[in-house]
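Here the structure comes first, spelled out in C-alpha cells, and everything after it is commentary.
The values are calculated or read from the model by the stated rules, or taken from the named source; none is laboratory data. Keep in mind that what you see is a predicted model, and the values were worked out from it rather than measured. When we count neighbours, we look across all protein chains shown, and the Cβ atoms used for this are built from the backbone with ideal geometry, even at glycine.
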C-alpha cells in the first residue's frame, strides 16, 4: 500500500518485526488521496537457520467500518446514559411527589376517628391509619403484614368471613356488628370496597369502620322508652277496660232474673274472656313475652313452634338442639324466638323447599340460632328489593340484641339464616 505520509517508525509493525518482534498495531492512520484511512497492521519476523531475522512479513487491514461502528456505539452509549440520567431524575422527582402525597394522605387518615385500611388478596393489612393502633392497642408495625384473622381473632373472624368472601367476589359490603376490642366492646358499622385491576380481578379491598356505639345506645334507649310508653298505654286502656267489664259482669249477675241458667252461662263466658284478656294485658305490661315462652325456655318454645308448623306444612321440618340449654334474659329469648319464627315462616311460604332445618346451639360464650332450607334461594344483594320476607324485622331485632345476623343464599342453592348472640 502506497502512502502519502511517513509515520513514526515505532508505529510501523514492519520495523519492529525486522527487530525480531511480532507486533500488531490498530491505531495507525494512513493518509491516502487526501483521506485518512484507519488501518490495523501486523508484523511478523522470519528467521534464518542462525536465528537472525532474514526478512519480515507485514499485513494491513482497512478498519474504517469498524471504527465507524465503534464511534456509533460510543455515541449511542452517551445518548443512553443521558436518557438514563434524565429518566432517573424524573423518577426521583415522581417518587418525591408520591411520598409527599402519601404523607398528606396519612395525615388526613390519621386525624379521622374511623378505622381506615387496605387489605390485599391474602387478607393481610398493607395500609392502616392511627385509629387502628388506638382501638387494638398495638403499633402500626405490629399490625401491618398480619392477616385479618390474626388481628381480630377466631370468633370475630367467623362472623365477618362471609362478608369478606362477598367483597372478594366484587361486591361492596356493609355490615353492623358488636366487636370486642382491648378497651371494651364497640358497636361498629363497616363498609368494605373491592379494589379491582384492569381485568376486573379483585386484588384487595378498602375498609372503613366507624364506631356507632353511642347511636346504638340511643336507639336502645328510644326503644325502651317506646316500650314503656306502650306498656303504660296498655295499662291505662286495655287493662282498665277489662277491669270495667268484670265490674259490669258482676253487677249484671245481681240484677238479671229471666232465664237465669242461660244468662249465667253467657256471663260466665264473658267473665272468662275478660279475665283472660286482663291476664294477657298484665303479661304484656310486665314482660311483653311470647306465650310460647310462658311454659318453658327458648328450646321448648322453638320445639313447640316447629311442631305446630309441621302439622300445617308439606315441607319436612326438623328441629335439633346442640349443647346444654341455659337460661338467657327474657328479652333475648323472645327476640330469638321471633327471628326463628319469621325465618321459618318465610321458608315455608317462599322457599319451595323439601326440607327446613332449625338448629339451636348452646356454646359456652354464645348462643347460635340457625334456620336452613334447600329451597330456591335468592341473591343476597337483592335483599332490599324483596318484599314480604320480613328480613328487615329480623335485622332490627338482631341489632337490638347486639347479635350478629348473617344471611347466606344463592339462587337455586337454598338459604341459611344464622343469628349469634353473646351469652350474658
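Taking the conditions (1) buried (at least 18 other Cβ atoms within 10 Å of the Cβ); (2) modelled with pLDDT of 90 or more; (3) touching a helix residue (DSSP H, G or I) at 6+ places or on another chain (Cβ under 6 Å) in turn, residue 130 satisfies each one other than (1). Could we say that residue 336 is within 16 Å of residue 408 (Cα to Cα), in contact (Cβ under 8 Å) with a residue 12 or more places away in the chain and buried (at least 22 other Cβ atoms within 10 Å of the Cβ) here? No. Residue check: is residue 125 part of a helix (DSSP H, G or I) and at pLDDT 90 or above? Here the answer is no, as residue 125 does not meet what is asked. Go through (1) surrounded by fewer than 16 Cβ atoms within 10 Å (Cβ to Cβ); (2) at pLDDT below 90; (3) not in a strand (DSSP E or B) one by one and return the number of the condition residue 161 breaks. Condition (2) is where residue 161 drops out. Tell me, please, whether a residue that is assigned by TED's automatic domain parsing to the domain that holds residue 207, surrounded by 18 or more Cβ atoms within 10 Å (Cβ to Cβ), in contact with a helix residue (DSSP H, G or I) (Cβ under 9 Å, 6 or more places away or on another chain) and free of Cβ contacts under 8 Å to residues at least 24 places away in the same chain can be found in the range 173-182. Yes: the range 173-182 contains one or more residues that are assigned by TED's automatic domain parsing to the domain that holds residue 207, surrounded by 18 or more Cβ atoms within 10 Å (Cβ to Cβ), in contact with a helix residue (DSSP H, G or I) (Cβ under 9 Å, 6 or more places away or on another chain) and free of Cβ contacts under 8 Å to residues at least 24 places away in the same chain.
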